[in-house]
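The values are calculated or read from the model by the stated rules, or taken from the named source; none is laboratory data. All values derive from a computational prediction rather than experimental measurement. Please note: Cβ atoms are built from the backbone with ideal geometry, for glycine as well, and neighbour counts cover all protein chains shown. Side chains included, ligands, DNA and RNA excluded: accessible areas come from the protein's heavy atoms. Shrake-Rupley method; radii C 1.70, N 1.55, O 1.52, S 1.80 Å.
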Amino acid sequence: MSLVDLIQEVQTLLSQLFHHLSFGTPPRCASNISGGHRPTSDKILQTDDFPLCAAQIGTELQKQFAALPGGRGTDGSPIIIFPEFPTFSGLEEDEIKNVLNYLTTVPSIAASGIGFILVIDRRLDRWAAVRATLLRIAGSFPATVNLVLVLRPTTLLQRALSDFLFKFNKDEFKMKVVMLSSVTELHAYIDPGQLTTELGGAQEYCHESWISHRTAIEAFALMVKTTAHTLQNFGTELAETELPNDAEATTSLLHSHSLKKDNMKEDLRVSQSQGARLLDYINEPFQTDTEYLMTHDELENLATVQRLLGQLDETETAFDDFWERHRSKLEQCLQLRRFEQHFREVRSQLDATSERLCGFSEVSVNPSHAEHVLRELSSHEEKACDVLDYALSLASEGDGLIENAHYAEDSIRPKCCELRAVCEVISSTLRDKKSFLLTAMELHHALEKASRWCEEGIYLLASQPVDRCQSQDGAEAALRELERYLETAPLHTLIDCSAICCQYEAVLTTQLRDQVERVFQKQGSVQEMFEKRRVSLKKLAAKQTRPVQPVAPRPEVKSPQGSPNQQRKERRYSADNALCRKVESPIPNGGTRHASLSEEDENLAVLRRHVMNELLETERAYVEELLCVLEGYAAEMDNPSMAHLIPSMLLSKKDILFGNMSEIYQFHKRTFLKELEAYTNCPELVGHCFLERMKDLQIYEAYCQNKPRSESLWRQCSDCAFFQECQKKLEHKLGLDSYLLKPVQRITKYQLLLKELLKYSKGCDGCDDLQEALSSILGILKAVNDSMHLIAITGYEGNLSELGRLLMQGSFSVWTEHKKGHAKVKDLARFKPMQRHLFLHEKALLFCKKREENGEGYEKAPSYSFKHSLNMSAVGITESAKGDSKKFEVWCNSREEVFIVQAPTSEIKTLWVNEIRKVLTQQLKACRDARQQKSDSPNHTANCSISLSPFRSSSQKNQKKQEEKKAEAIPVSDSNSMLAKHKGWTKVSLSVDASEENDGYSSGEEPLNSDTEEDAGQKLIPGKYTAVADSEKAGPQELSVKSGDMVQLIREGEDGQWFVRNLRSSKEGWMAHANLLGLISDSKSSQSISSSDDSVSGNLSTSSSCSETYTSFSDIKP
């Protein structure tokens, strides 16, 4: 029986049951559970107008003015008893109607159709009450009344009255009324077994139990009705539900329906439990009295409840079956949506794989390149195999759904066929490309084998000692050596060019075809060289010659510096370096020097190609290793499946661990490797490639600067499971730290390869480029090394990048001397040197203290605490100090601060002094250029501002020599600038002696201002000056000046005030004499001096032992 039929039958039973409990409503048919047409007669489960229930009129029933004990008349008519109730006349009309309506709905339809028998007990009442009761019953009884039996009052008067008055009033009752005098007469109409004990019958009746019984039956009926209604609505909802279009919605719908199904099942179980308890309640009298006879109403109710419980069980079974079909369909829908989602994912992966394969070029240029391309193809194949396996497994999963009779078979089958077809296309493409590469690699190896045979043959020819071949035995030995080598030709050389081209036609590109032709040409050339050598050796072997002492040829021009040993050394090329000795042919009959030189050039070309091949092979391996690290480690840090293996300290620190390795890889992969390969056949020109990409190679500086941080992070996390898992997948024998060191090793490898190429490229076109490229690479390595020290500086508050390029750095012993001003007691009492690490920048010299090295590896790198800095614009140097060849002095501020620096060696001292000299000389040149530009300007007048420099010599001849040498050689001691004789200024002569400490001064000094006592009485004159310090205005009329500003003193006012104009800001104001002395006392760059012949004079006395002194000039303004 289907679920729909069961629910309809349950509803029919409920209709009958409610008919027993209500107004006799006819049975109703159920609606379709799937949401179909509902008949109009289906009212029980669709309306809220329920019949009266015992619980609703419990108060009226409790009064017991009418009862339905369950007895029947002889014709089966239900019996309603109206017991003695003195206050019946006081009842409300609604109370009587409700009770009578309810009682008449309790019997079955058949019993109610016969009609009712009313038994009215008024034996203790009066006739007037009897008459009133009959009238009210006649007016309120809702059903058919067959007979009314009245037990009339028993008192004499009331009996007489009732007999007399009944005859006159019986017509107004509209019912068949029989007046009875006793219960004995009643028994004549009704069997005593159908009457209660109060009426002389045998039926035990308890009104309270009857009410409780009816309430329980009606509650169960209502529960069954509600459950059936809920089942109907749920079935309609399931039938009308549309299947979702995605897996998530389908999962949610299945979960929601499952919860509702569980609620339905729980309601069914509650209904069944309630029915079972009601059944036990109905059967309870049998447990106490086995001879108990049920009334007709009790029997009907018992049968109805039993049948209803049975139908509920069948309904549950049918609902379970319906639910299983619905759940199965939802699960199939979920399987379909997941299949479709996985299909879209794998299809996109297959498309990406196909696109990569289509863009993959299998063309190779040499064996190592072919192997590299094959490795890349193998990598693509491994990734593609994972995708293909996933796609084929998904197709198999689709086949399984079809075999399980999935409802969407028509949608699944085409997708499975499509997946298999695409997988077959990708597999076929991989096979074709791999076959192409293997064939090309075979040809490359054959060409390389033949080319190697040719090169080894050339090397053999070049390495045969010609002097030994002059004897017959030597010639025969050399001839046998050649013949043995020629015997190996069939195993190594190519035989037929046309056959080779035919055999490898599928892989022959234009470049590869040209390579085949070159190899055949080279084979022919080598065989021709062998043949010529054989002919020569045969002649020597056949000719009986006396032993000849080999003598080195006399050079046409003998160099006075050269020695015979040096000349022989220059001619000799060792076998370790694959060079042959450079000798002239001793053959007297036409052997030429040109042939020997040609062989030597060929040998050098072979060696250059060897170095170039090593450069290319190691470059490709390097690129491959970088890619392996980036894909095998860096990319895996973003892989969600590996996230649980990554320690917390490594999260979001990929940039620290790998630095700019990705940038390095992209440069080498996309640019540098391709450009290097373009020089495969002309390795002597590869220096141009390095020079073109020198700026790009500076990216290694950032990588090396980050290396200490990377090393520290690696040491903290090296033992984590993430790195071990990545290393296991990559099948690496070495850990990640070895591969993180590759970029550092690579940048140092270039200079070694360039040195080798330069050694074998003397006299070639690209020799100069190779030399320049080598110098540039070494410069990058130095910059990297310097930057590694520079980033270790701590405590410097400024920006190191603002100090200009780092020129030199190193450790020195330093003494300090303070000649003027405040000096620390510690500095004055310092006899032992301070160990300082100096950093020479373009604009400043930094003094730092080197801290102890701790840790391991890169963590052992030193750190530097900043101590002091000197601005190069105020620095002077003395090249020799106190007779020590390793010491020099750096000073400033009129030698108020002197730093005596001792280098580890004299050579290091010379390098530093020369570098500082370059910086100061560049400042001088910049100052002169600026002064020259101003002197050439139209605004220049006779009364101009002259920039005075301690480098101005006392004669024009010295000045001209300085300009011609361009700071390459500065005089032993530059003379002081000439001072103008103007307004009290006097000509001053300054003696300089090596024994004195004042053996040099900077551009910020003035000989007149070298003494503090002179400063106190110094006068100012109008003119232009350069401010060497900052001065903020203290009042609204005063002027603000910054260091480096050009100021013009216009006139002197009262109380030592000067009216000053700031030429930079074009503002004017007053400044105190004392403030001006502090601002411009060290600045003489723009003093106004008369242009007359006697306006400038001066002299400088210098002893012969005076050491060279160099100062800076950046503070001298034109």
Expressed in square angstrom to the nearest 10, the accessible area of L336 with a 1.4 Å probe stands at 10
Contour minus Cα-Cα span, K449 to D1030, at 0.36 nm per residue, comes to 201.5 nm
Taking every C-alpha to C-alpha distance in segment 463-543 and binning by 5 Å from 0, the per-bin percentages run 3, 14, 19, 17, 12, 10, 9, 7, 5, 3, 0
Highest mean packing first, using Cβ neighbours within 10 angstrom, the peptides 244-252, 142-150 sort as 142-150, 244-252
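Work out, step by step, the length gained on full extension between D389 and E291: first 0.36 nm times the residue separation, then minus their alpha carbon distance; give nm to one decimal.
Working: separation 98, 0.36 × 98 = 35.28 nm, distance 8.00 nm.
Length gained, D389 through E291: 27.3 nm.
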Kirkwood calc, segment 693-743, C-alpha pairs only, radius in angstrom 12.4
Given a Förster distance of 56 Å, the FRET efficiency implied by the Cβ-Cβ spacing of H818 and D655, rounded to the nearest 0.05, works out to 0.75
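Would you mind working out the magnitude of the charge dipole of segment 87-242 relative to its Cα centre, with +1 at each Lys and Arg C-beta and -1 at each Asp and Glu C-beta, to the nearest 20 Debye? Don't skip to the end; give the middle numbers.
Numbers: 14 positive and 18 negative charges, 203 e Å.
Dipole size: approximately 980 debye.
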Taking protein heavy atoms only, a 1.4 Å probe, and rounding to whole percent, the accessible area of segment 79-193 owed to carbon and sulfur comes out at 56
Rounded to one decimal in nm, the spacing of the 7 Å Cα→Cβ label points at L299 and Q932 is 14.1
Counting all Cα-Cα pairs in segment 346-429, those more than 20 Å apart amount in percent to 44
The simple spin-label model distance between K695 and E624, using points 7 Å out along Cα→Cβ, in nm, is 3.3
Expected unfolding gain across Q835-R307 under the 0.36 nm per residue rule, minus the alpha-carbon gap, is 179.1 nm
Sorted by accessible surface (1.4 Å probe, heavy atoms of the protein chains only), largest first, L803, L911 come out as L911, L803
Between the alpha carbon centres of segment 244-281 and segment 173-212 the gap in Å comes to 49
In vacuo Debye sum over C-alpha of segment 617-681, base-10 log of normalised intensity I(q)/I(0) at q = 0.26 Å⁻¹, listed in q order, is -1.10
In this structure, the FRET efficiency calculated for L135 and E331 from their beta-carbon separation, with R0 = 51 Å, to the nearest 0.05, is 0.10
Note on segment 862-921: the mean projected area of its alpha-carbon convex hull, in nm², is 4.9
Simple SL model, points at 7 angstrom along Cα→Cβ for C206 and A678; separation in nm is 11.4
Output for segment 705-763: trypsin sites (Lys or Arg not before Pro) sitting in coil per DSSP, at most 10 other Cβ within 10 Å, listed by number, reads K733, K762
The summed charge of the E1032 Cβ neighbourhood (under 15 Å; Lys/Arg +1, Asp/Glu -1) stands at 0
1/(1 + (r/R0)^6) with r = Cβ-Cβ of K762 and S712, R0 = 56 Å, i.e. FRET efficiency to nearest 0.05, evaluates to 0.75
